[in-house]
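The values are calculated or read from the model by the stated rules, or taken from the named source; none is laboratory data. Treat the numbers as computed from the prediction; the structure is a model and nothing was measured. With ideal geometry, Cβ positions are generated from the backbone for all residues, glycine too; neighbour counts draw on all protein chains shown. In case anyone asks, the SASA skips ligands and DNA or RNA and just uses the protein heavy atoms, side chains included. Shrake-Rupley method; radii C 1.70, N 1.55, O 1.52, S 1.80 Å.
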Amino acid sequence: MIMVMLSLRMRPHLAYPKNIFKIIKLSFIVLYDMTFSNFILIKQILFKSKEVNPGYVYIPLTIRDPHAIAFLSCIITYTPGTVWAGLSEKDFILRLHVLDLHDEHIWYETIKTRYEKPLMEIFE
């Protein structure tokens, strides 16, 4: 606890989440998405699916708060089948690697509406 308190001075910005209800709602959405992704991934591994189509999706982010970006990267990385592959600091374009990419638009909408929008409401 003492180390946490002493390290606060080293952080350039502190996080001030604004809406506890949005945090709870987002937590349930992420938990659902992680569970659903696990089942899909297990199905693909057990049945050796030939339909796997890996690829990259490029998504321009509106979010700028560093804490919200960190949470978004955790959400994406913790969800099986997706990996945060990079973020350009110049224009905030997220490079997302997807294990089974069939429709880029679905991933775009998922990131923008299910994750980015609530994180903006929580942190910005």
Problem - Computed accessible area, His102, all protein chains, 1.4 angstrom probe, square angstrom - result: 130
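Taking the Cα centre of the chain as origin, sum charge times position over the Cβ atoms of Lys and Arg (+1) and Asp and Glu (-1), and report the length of that vector in debye to the nearest 20.
With only Lys, Arg, Asp and Glu charged at Cβ, the dipole is about 340 debye.
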Exercise for the section: Any chance you could run the full-extension gain for Lys112 through Thr62? It's 0.36 nm times the residue separation minus the Cα-Cα distance, nm to one decimal. Expected result: 17.1 nm
Problem - Helix-only mean residue ellipticity at 222 nm for the chain, each DSSP H run of n ≥ 4 adding -39500 (n - 2.57), per residue, nearest 500 - result: -14500 deg cm²/dmol
Handout entry: Between 0 and 90°, nearest 10: helix 66-78 axis offset from the chain longest Cα axis
Key = 30
Practice task
Round to the nearest 10 and give me the degree value, 0 to 90, for the angle of helix 20-46's Cα axis relative to the longest principal axis of the chain.
Solution key: 30
Completion exercise
With +1 at each Lys and Arg Cβ and -1 at each Asp and Glu Cβ, the charge dipole magnitude of the stretch 66-124 around its Cα centre, to the nearest 20 debye, comes out at 120
Exercise for the section: Could you state how much accessible area Lys112 has, in square angstrom rounded to the nearest 10, with a 1.4 Å probe and all protein chains kept in place? Expected result: 40
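Pairs Lys22/Lys90; Lys43/Lys112; Lys18/Lys112; Lys43/Lys117; Lys22/Lys112: which are spaced more than 22 Å apart, C-alpha to C-alpha? Before the final figure, lay out the partial values.
Working: Lys22/Lys90 29 Å; Lys43/Lys112 27 Å; Lys18/Lys112 19 Å; Lys43/Lys117 30 Å; Lys22/Lys112 15 Å.
From Lys22/Lys90; Lys43/Lys112; Lys18/Lys112; Lys43/Lys117; Lys22/Lys112, over 22 Å: Lys22/Lys90; Lys43/Lys112; Lys43/Lys117.
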Practice task
Estimate the FRET efficiency between Ile40 and Glu104 by the formula 1/(1 + (r/R0)^6), using the beta-carbon distance for r and 22 Å for R0, to the nearest 0.05.
Solution key: 0.80
Exercise for the section: Of all alpha-carbon pairs in the chain, indicate the percentage at a distance above 24 angstrom. Expected result: 35
